[in-house]
Amino acid sequence: MKKDIFACEEVKIHEDSIKRIQESMLSQEQYQQLSTLFKMFSDPTRLKILSILFKEEACVCDIAYLLDMTHSAVSHQLSLLRQNRLIRYRRSGKNVYYSLDDDHIQMIYDAGLSHILEKE
């Protein structure tokens, strides 16, 4: 019979390890928020929008042109990013300009990019 290399051969609970780990675990709500954050990075269009905003703030018209998308499609993605606090906006006359909410967004993106590039 073939052994399962991913399972313990003997069931033994390491209570000291369990206690240390449990003390450092997040709440269910925090895990849900983190999951939602990573979902924002799971869509190629949203990643493209973020990469544009890493360079400079931009309006819907410019983003739509760069991505060859409709204004409506871009606005939908911007709305999701804004609702999840990845980007913010400011009004200037009749235009709305989008930018990153904070530096953490680029750090998360850069960490993911670094990870996939090291595998090439």
> When only Cα pairs under 8 Å and 6 or more residues apart are kept, what is the percent relative contact order across the chain?
Replying inline: 21
>> Just to confirm the number: angle between the C-alpha axis of helix 28-40 and the first principal axis of the chain, 0 to 90 degrees, nearest 10?
In response: 50
>> For a quick check of understanding: with a 1.4 angstrom probe and all protein chains in place, what accessible area in square angstrom does residue 36 have, to the nearest ten?
In response: 40
> Tilt of helix 44-55 relative to the longest C-alpha principal axis of the chain, in degrees (0 to 90, nearest 10)?
Replying inline: 60
> By how many degrees, 0 to 90 and rounded to 10, does the Cα axis of helix 15-24 deviate from the longest principal axis of the chain?
Replying inline: 10
>> With θ taken as phi - 60° and the coefficients 6.51, -1.76 and 1.60, list the Karplus ³J(HN,Hα) couplings across the stretch 78-91 in order, rounded to whole Hz; mark glycine and proline as x.
In response: 4, 4, 4, 5, 5, 4, 9, 6, 8, 9, 9, 9, 9, 8
> When the accessible area of the stretch 43-91 is split by element with a 1.4 Å probe, what percent falls to carbon and sulfur?
Replying inline: 47
> Any idea of the accessible area per residue across the chain, 1.4 Å probe, to the nearest Å²?
Replying inline: 81
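The values are calculated or read from the model by the stated rules, or taken from the named source; none is laboratory data. All of these numbers come straight from a predicted model, not from anything done at the bench. For the accessible areas, the whole protein counts, side chains as well, though only heavy atoms, and no ligand, DNA or RNA atoms are used. Shrake-Rupley method; radii C 1.70, N 1.55, O 1.52, S 1.80 Å.
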